[in-house]
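Some notes on the structure that comes next.
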């Protein structure tokens, strides 16, 4: 039963969502008094939201174990747990004003709403988000510019005909795809548009079709119970 | 003589395997220095960008549209710029904006961006715009919103019941909006909106995305499922010019152009050193002449002006 | 009031072309899985990337350095993660046979137990279940760039000789690949995320592009369900190709201004009235 129940539920809900593509939502709503599809969609949203609870539980399990056993890098785990606790306390439970709100006035909240309303403009939670999370994320993403430059320097070597083709096309798009390219030669925008809209779209479309067929086939196998690896262990 | 040959080979090898920190510094300077010049560069709008602009420009004032702001601080450089441009365009046209996000980590920055633009243009919350916030569920939420928006978002981001918001009068689902605008950084994003909403319910849709995602969405523009597509900071800058609201995108074009040309120079230099180290003289000469000639021509064109 | 859908019947919106294609494809998948169970030696052409995985593991064994396997950063709901587990089991079996250390950093809390069970299974298949220990699968963070920073740290400290990047990747793909190169690893990547393929092609030694990644799982595991699926996908793609060629023929005739014969007009009707739903 440990495997049969999840397989049955997978089949039931998988079939429902596939069949939704072939049903008129409004007519279905009328026929079932609103139960389908709205109720099922609500259930799915709730279930998916519970994954956050499980996710936090897993994070706690792994990092608490690391700290308790003083494993290699346990200090970072302690920092992770402290950050998690801080954001949850300030975000969910405790509202502390810090800074100013959008209208230029000191941050405030309606009386009686101090609890469970941490995420307000001017709150500590938002400050953590704006001052810590946002710059860190942006910085990591910005590193890509440097990584691509070092990768381009070493990788775009003309070792073969295909490599030469790759390098030449990349060069054309790199220099032609920015405004300076149009200054250098007025034909660059048209050339880069043609490469993007015709050449690369053809290749992308082929890969898209292949990947879509892979996704459909795996979805079909999971719904029909042929693929059971998501349950863990041997099928 | 052997010493001289090995000396030459030695410095070619050293150049071929130059410390990547040198490359990082060169790229950093190429991007940062032009930001202080105050120069600007123009680019002709391509058809997808023109179509994106036209899709919003042709909507009558008062029309309600849905903006899916699916991005987070990682894509801030491109997509905050894009979101500001789209919102500015919408508010100038008098369009009424229903905004939401599928990215939990972007919920706050999307709200901040929306509030900043709306307040600067004197718009009223609940009348001219509303932010429904983040709802977990990805594709499930998308297709549910296309069936029953109020069921998916019973309250807005501020906790106000949606029934009390004038902007949502007459909006039962995404099929009731005139246009779906996807501001997308990846997954879930434009592709999922096309699959779950545009394709199934024929909702008119346009998309503005980061540069790396644009090739993936190009087939949807070519097939007509997307009525307009703006991809990458260069095209976002073009869109800013089209709406007459030059912002960060426009200012960054000199830096981006400079960075791209530095990248091209690095590719050519890498190949030149590769050819020299392999004693492929003809290839080395061809690269040096072509590359050098191109950059010389670039300088001439820049000095000559438009 | 919008017009009723074209294929509306009662509460159904049959979308006949889609329904027919879905039923046909499903039938093909199930049929070929059945055939694959009867004929387990169905032919799949070897791909350079698959051979490269074996070579990479061999290189790591010779150098006495670990193999790093990153199963993507997406959750179990992404099929690429599921397929990545199949390759991971094969890699785990190989490293257990050679006695090579294996490191598997994971980005999702739910993928972690799945990866643990997969590696244990691989070790068991190789007859060495005792090789499993807690430090092999390392859960880093659910946050994309925190995971990337942590994995880069592992790469630079532990200097794996082989880095296998198999699964769903996003912006961190180039960071991981470039760091792997800095550490001197031979790198094999495989993903169906189109937007990251250019980065992998540039930065890695071998790349399994899109379906090659799916085919690799069938090739390595020889499981009938995977073999049959790959064959079914190939068959369906051949069908799509036939329609594309027919459409190209009709469009070319129209573009040349050649009067379209009745048979071609019938094809035109099928393509534009039926498939253009």
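What follows draws every value from the coordinates through simple rules; no lab data is involved. Note that this is a predicted model, so its numbers are computed, not measured. Here the Cβ is made from the backbone with ideal geometry for all residues, glycine too, and neighbour counts use every protein chain on show.
Report the calculated FRET efficiency for residue C:18 and residue B:8 (r = Cβ-Cβ distance, R0 = 56 Å), to the nearest 0.05. Before the final figure, lay out the partial values.
On the way: r = 66 Å, r/R0 = 1.17.
In this case the efficiency is close to 0.30.
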Original post:
Hey, what did chain C get for relative contact order, percent, Cα under 8 Å, at least 6 apart?
Top reply: 22
**OP:** Once you've got the GNM for chain B with C-alpha springs shorter than 10 Å, pick whichever of B:171, B:12, B:109 has the biggest mean-square fluctuation.
**Re:** B:12
Original post:
If you take the Cα Rg of chain C and divide it by 2.2 N^0.38 Å, with N the number of residues, what do you get?
Top reply: 1.23
Original post:
In nm, to one decimal, how far is the residue A:3 label point from the residue B:42 one, both placed 7 Å along Cα→Cβ?
Top reply: 6.9
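Of the beta bridges DSSP finds with both residues in the protein assembly as shown, what % are antiparallel, to the nearest 5? It would help to have the intermediate numbers written out before the result.
Values: 7 of 49 bridges.
Antiparallel: roughly 15 percent of the beta bridges in the protein assembly as shown.
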**OP:** Treating each Cα of region C:117-262 as an identical point scatterer and ignoring solvent, apply the Debye formula and state log10 I(q)/I(0) at q = 0.09, 0.10, 0.14, 0.17 Å⁻¹.
**Re:** -0.46, -0.54, -0.86, -1.10
Original post:
In bins 5 Å wide, starting from 0, what share of all Cα pairs of region A:156-229 does each bin hold, as a percent?
Top reply: 3, 14, 13, 14, 13, 11, 7, 7, 8, 5, 2, 1
Original post:
Is there a simple number for the mean count of other chain Cβ atoms within 10 Å of the Cβ of residues in C:66-75, and what is it?
Top reply: 0
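Remind me, relative contact order of region A:156-229 in percent, using alpha carbon pairs under 8 angstrom and six or more residues apart? Numbers along the way, then the final one.
Details: 26 pairs, mean separation 10.0, N = 74.
Contact order relative to length: 14 percent.
Taking the highest mean first, how do the peptides A:141-154, C:230-243 order by number of other beta carbon atoms within 10 angstrom per residue? Let's see the in-between values first.
Working: A:141-154: 21.0, C:230-243: 16.7.
Going from most to least packed, we get A:141-154, C:230-243.
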**OP:** Take the Cβ-Cβ distance between residue B:288 and residue C:182 as r, set R0 to 30 Å, and report the resulting FRET efficiency rounded to the nearest 0.05.
**Re:** 0.55
Original post:
Among A:59, B:140, B:289, which comes first, then next, by fewest other beta-carbon atoms within 10 Å?
Top reply: B:289, A:59, B:140
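Two-decimal Rg/Rh of region B:47-245 from alpha-carbon positions, Kirkwood Rh?
Working: Rg = 14.9 Å, Rh = 16.2 Å.
Radius of gyration over Kirkwood radius for region B:47-245 works out to 0.92.
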**OP:** Calculate how steeply helix B:253-277 sits against the longest principal axis of the alpha-carbon atoms of chain B, using the helix alpha-carbon long axis, and give the answer as 0 to 90 degrees to the nearest 10.
**Re:** 40
Original post:
Once both axes come from the Cα atoms, what is the angle between helix C:144-158 and the longest principal axis of chain C, in degrees from 0 to 90, rounded to 10?
Top reply: 40
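Give the Kirkwood hydrodynamic radius (Å, one decimal) of chain A, defined as one over the mean of 1/r across all pairs of different Cα atoms.
Values: mean 1/r = 0.0404 Å⁻¹.
One over the average 1/r among Cα pairs gives 24.8 Å for chain A.
Per residue of B:145-154, how many C-beta atoms from partner chains lie within 10 Å of its own C-beta, taken as a mean?
On the way: counts 1, 1, 8, 8, 0, 1, 8, 4, 0, 1.
Mean partner shielding for this stretch: 3.
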Original post:
What residues from region C:163-187 fall in the zone where the backbone N is under 18 Å from a label point 7 Å along the Cα-to-C-beta line of residue B:17?
Top reply: C:179-187
Original post:
Using a Gaussian network for chain C with springs between C-alpha atoms less than 10 Å apart, which of these wobbles most: C:168, C:185, C:141?
Top reply: C:141
Original post:
Which parts of region A:175-208 would a label at residue B:301 reach, counting a residue when its backbone N lies under 15 Å from a point 7 Å out along Cα-to-Cβ?
Top reply: A:175-193
**OP:** Would you mind ranking A:121, A:218 by Cβ crowding within 10 Å, fewest neighbours first?
**Re:** A:121, A:218
Original post:
Taking chain C as a Gaussian network, where each spring joins two C-alpha atoms under 10 Å apart, which residue of C:117, C:54, C:251 fluctuates the most?
Top reply: C:251
Subject >> Label-point separation, residue C:75 to residue A:56 (7 Å along Cα→Cβ), nm >> reply: 1.5
Original post:
For B:252-261, what's the mean count of beta carbons from other chains sitting within 10 Å of each residue's beta carbon?
Top reply: 4
Original post:
Taking square-rooted eigenvalues a ≥ b ≥ c of the alpha carbon gyration tensor, is the protein assembly as shown rounded, prolate or oblate, where a/c under 1.5 means rounded and, failing that, a/b exceeding b/c means prolate?
Top reply: rounded
Original post:
If each residue's Cβ is checked for other Cβ atoms within 10 Å, how do A:67, C:137 rank with the fewest at the top?
Top reply: A:67, C:137
**OP:** Compute the separation of the alpha-carbon centres of region A:180-235 and region B:138-199 and state it in Å as a whole number.
**Re:** 25
**OP:** Please work out the Cα center distance from region C:96-138 to region A:1-65, rounded to the nearest Å.
**Re:** 30
Subject >> Contact order normalised by residue count of chain B, Cα under 8 Å, 6+ apart, percent >> reply: 23
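Using only helices, what value at 222 nm comes out for chain C when you add -39,500 (n - 2.57) per DSSP H run of length 4 or more and divide by the total residues, to the nearest 500 deg cm²/dmol? Don't skip to the end; give the middle numbers.
Numbers: 10 runs with 158 residues, N = 277.
It lands at -19000 deg cm²/dmol.
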Subject >> Between 0 and 90°, nearest 10: helix C:79-98 axis offset from chain C longest Cα axis >> reply: 40
